[in-house]
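Structure below; questions to follow.
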């Protein structure tokens, strides 16, 4: 779908924000590999003079945007780490839209990753409980992410994470015989593979990698602070948060040291998180093709050797 015109933006904002909205500038920005992404300067009775961020896509994509809205809202409610405030979501001008506050980026200070680790641990600690899953399925990138609650965390991972992705890869003929065999063995051994983890679950960002965190500030806070965005939230073992970070996170040791100092992870977590690395690799295999098959083989073999 081509980017929206200025008239589309104006019509959508008048419907989704308020009829008084006047757009003074629309500028395409990065971060929209799936959707059109824009920085928009506006004036309205509801928001005043503001710069906001907006994403737009096909009308049916509103389900994805609503899931993102729900995730941002849940993460913000924990009051542990800065989240872009969601402002509006819906369909208008024959498109779907998600509008959030604009986060100004800042250079990373020396203590950025230590602050990030502490705040992530605090997010996990203040939301700790016993539930798993989420009230509805949502999206990991462009892929459906099943979130049906199960009796145990190991069952949840076996069915809704590794099992779901493996079945999808088989259906798409992207899983060869070895990956199918190793994947099925991992699903069967999930209780053993995840033994040693703490019993509690926490609210997870769900897709935390270097593209989904930044150093920024709201209009009310000019100091550079960790910000997380584009979530795929659910309740689960907090060790799962580190799967995507290990794969594409690039966080230095002080991040993990600060997390451990705030709320230590049980021994063995470095090995258990390979299960969650495999989940994200399988998702990439399913979305982007066979270039990820070799990494899937490698990580699946490491997991089975750790039994």
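Nothing in this text is a laboratory measurement; each read-out follows from the coordinates by a stated rule. A quick note: this is a predicted structure, and the numbers were derived from the prediction, not measured. Don't worry about glycine lacking a Cβ; one is built from the backbone with ideal geometry, like all the others, and counts go over all protein chains shown.
So what is the calculated 222 nm ellipticity per residue for the chain, using -39500 (n - 2.57) for each DSSP H run with n of 4 or more, over all residues, to the nearest 500 deg cm²/dmol?
On the way: 12 runs with 120 residues, N = 307.
Helix contribution divided over all residues of the chain: -11500 deg cm²/dmol.
Work out the FRET efficiency for residue 305 and residue 170 from their Cβ-Cβ distance, taking R0 = 30 Å, and round it to the nearest 0.05. All intermediate terms of the calculation are to be shown ahead of the outcome.
Details: r = 23 Å, r/R0 = 0.77.
With R0 = 30 Å, the Cβ-Cβ based efficiency is 0.85.
From the list (1) 119; (2) 216; (3) 130, can you say which value of volume of the Cα convex hull per residue in Å³ was derived from the structure given?
Matching entry in (1) 119; (2) 216; (3) 130: (3).
On full extension of the chain, what length is gained from residue 85 through residue 1, given 0.36 nm per residue of separation minus the C-alpha to C-alpha distance? Mind showing how you got there, number by number?
On the way: separation 84, 0.36 × 84 = 30.24 nm, distance 2.61 nm.
Full extension of this stretch gives 27.6 nm more.
With contacts defined as alpha carbon pairs under 8 Å and 6 or more residues apart, what's the relative contact order of the chain in percent?
That works out to 18 percent.
Would you compute, for the Cα atoms of the range 39-118, the largest minus smallest coordinate along each principal axis and list the three values in descending order, in whole Å?
45, 27, 20
For an R0 of 51 angstrom, estimate the FRET efficiency from the Cβ-Cβ distance between residue 20 and residue 108 and round to the nearest 0.05.
Once the sixth-power term is evaluated, E becomes 0.85.
Fewest Cβ neighbours within 10 Å first, please rank 101, 60 accordingly.
Ranked by crowding around the Cβ, least crowded first: 60, 101.
Could you calculate the FRET efficiency of residue 41 with residue 137 from 1/(1 + (r/R0)^6), where r is the beta carbon distance between them and R0 is 41 Å, rounded to 0.05?
0.70
When the Cα centres of the range 100-139 and the range 235-296 are compared, how far apart do they sit, in Å?
One Cα centre to the other: 15 Å.
With a ≥ b ≥ c the root eigenvalues of the C-alpha gyration tensor of the range 37-86, is it rounded (a/c under 1.5), prolate (a/b larger than b/c) or oblate?
In terms of gyration-tensor shape, oblate.
Which shape class applies to the range 20-155: rounded if a/c is under 1.5, otherwise prolate when a/b exceeds b/c and oblate if not, where a ≥ b ≥ c are the square roots of the Cα gyration tensor eigenvalues?
Numbers: a/c = 2.13, a/b = 1.32, b/c = 1.61.
Oblate, because a/c is 1.5 or more while a/b does not exceed b/c.
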